[in-house]
Amino acid sequence: MRLHWLTHRLLPATLMIVSLLPALYSSDDTALVLVPRDVYIADRAEARFFVSSPDDISALDIPYTLSPVELTSLNESCEGISIEAVELVPVDAKVMVRIQFIPWQNGLITIAPFTAQKLIISPPAIPVASLLERTGEQGLLPARHPLLLPGTTYLLYGIILLLLICSVCIFLIYRWCVDHVLPGRSNRRLVVLRKRFLRDIRKLEKRMQKLDRSSWFDAYSAIVRIYLAGEASLDVSLAHTHTAREFSLVFSGGSKGYAVGALLEALDYARFSGTTADERQSFIGRARDLCTLCSVEEVQGVL
């Protein structure tokens, strides 16, 4: 009877206690927590898990951090992972192990068992995810254009066009101010005006054979009067309404006023007297002489 009790009661209980003794000094593989939860190659992460320990953890010297020498030894025994720090901390009468690491390969990475504070710690395997497995791609994707909201392209074109228009307007306003408003720029304005006048006279001279006498003198009169109105700072749109005497009074004083009056009187005679004499070439010369005379008197310091 006593032998039966030893065989069926005491022996199984003894074997159970003996089988539980190693658990006091091993890790609990089911309590692994990764921070962040998904770890990829070259990510800095932390693994946390609890280890079985004596009921009274006050006998252990924790918190405890592995020394640099211990870390070096641990890294030498591992592959595909760099362990930066290992710390043992008490949490609710239990011992938590925190391992800071950087993985260099995907899949399950195993850290070799090590000893700390008389505890044999066997870290659970750490899963490292793969971006290729998540996306299903087997290679690098081709470069893509940046995503733009609908209508953004037309908005950009509109902004560019608006900037161009503003730039042109600013340039034209600047040129107008330089020629008409800014002090000390009147001589420059006269030079530009006379260059334009000589260019128009040259074009009219080339059209002498294509235009009849009346049309040619009408064009000549318009060019000369617009030029003289610009010289006198008069309204160019009303240049055809001013008489020869009015222009002479504006340019009175010196040979310029006499030359302007003589030219306009001769022009009116050629247009309205009914004469058939073709004096167009002489009027071309007189216009150039008038421009030269004005340049000598007013723009001598500029030219």
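May I ask you to list the residues in the range 51-79 that are surrounded by 14 or more Cβ atoms within 10 Å (Cβ to Cβ) and either hydrophobic (A, V, I, L, M, F, W, C) or within 50 Å of the chain's Cα centre (by Cα) (or both)?
Val51, Ile57, Leu60, Ile62, Thr65, Leu66, Leu71, Leu74, Asn75, Cys78
Would it be correct to say that Arg225 is closer than 17 Å to Arg286 by Cβ and either in contact with a Cys (Cβ under 6 Å, 6 or more places away or on another chain) or assigned to a helix (DSSP H, G or I) (or both)?
Values: closer than 17 Å to Arg286 by Cβ: yes; either in contact with a Cys (Cβ under 6 Å, 6 or more places away or on another chain) or assigned to a helix (DSSP H, G or I) (or both): yes.
Against the criterion (closer than 17 Å to Arg286 by Cβ and either in contact with a Cys (Cβ under 6 Å, 6 or more places away or on another chain) or assigned to a helix (DSSP H, G or I) (or both)), Arg225 qualifies.
Any idea which residue in the range 145-191 is surrounded by the most Cβ atoms within 10 Å (Cβ to Cβ), counting only those that are of a type in the set (Lys, Arg) and either modelled with pLDDT of 70 or more or closer than 20 Å to Ile226 by Cβ (or both)? Outline the logic, then answer.
Kept after step one, since they are of a type in the set (Lys, Arg), are these residues of the range 145-191: 175, 185, 188-189.
From the residues that got through so far, the ones that are either modelled with pLDDT of 70 or more or closer than 20 Å to Ile226 by Cβ (or both) too are 175, 188-189.
Details: Arg175: 11, Arg188: 14, Arg189: 18.
Restricting to residues being of a type in the set (Lys, Arg) and either modelled with pLDDT of 70 or more or closer than 20 Å to Ile226 by Cβ (or both), the top hit is Arg189.
Which of the numbered conditions does Ile284 fail, given that it passes all the others? Conditions: (1) of a type in the set (Val, Ile, Thr); (2) modelled with pLDDT under 80; (3) surrounded by 15 or more Cβ atoms within 10 Å (Cβ to Cβ).
(2)
When you look at Thr14, is it assigned to a helix (DSSP H, G or I), exposed (fewer than 12 other Cβ atoms within 10 Å of the Cβ) and at pLDDT below 50, yes or no? First the steps, then the outcome.
Numbers: assigned to a helix (DSSP H, G or I): yes; exposed (fewer than 12 other Cβ atoms within 10 Å of the Cβ): yes; at pLDDT below 50: no.
Considered against the rule, which asks whether it is assigned to a helix (DSSP H, G or I), exposed (fewer than 12 other Cβ atoms within 10 Å of the Cβ) and at pLDDT below 50, Thr14 comes out as no.
Would you point out the residue of the range 194-216, among those that are under 17 Å from Leu290 (Cα atoms) and either in contact (Cβ under 8 Å) with a residue 60 or more places away in the chain or not assigned by TED's automatic domain parsing to the domain that holds Gly285 (or both), that is surrounded by the fewest Cβ atoms within 10 Å (Cβ to Cβ)? Full working, then the answer.
Taking the range 194-216 as the starting set, the residues that turn out to be under 17 Å from Leu290 (Cα atoms) are 194-202, 204-205.
Now drop any that are not either in contact (Cβ under 8 Å) with a residue 60 or more places away in the chain or not assigned by TED's automatic domain parsing to the domain that holds Gly285 (or both), which leaves 194, 197-198, 201, 204-205.
Numbers: Arg194: 21, Phe197: 22, Leu198: 15, Ile201: 19, Leu204: 19, Glu205: 17.
Only one residue tops the list, namely Leu198.
The values are calculated or read from the model by the stated rules, or taken from the named source; none is laboratory data. Since this is a predicted model, take the numbers as computed values, not measurements. Cβ coordinates were reconstructed from backbone atoms using ideal geometry, including for glycine residues, and neighbour counts include every protein chain displayed.
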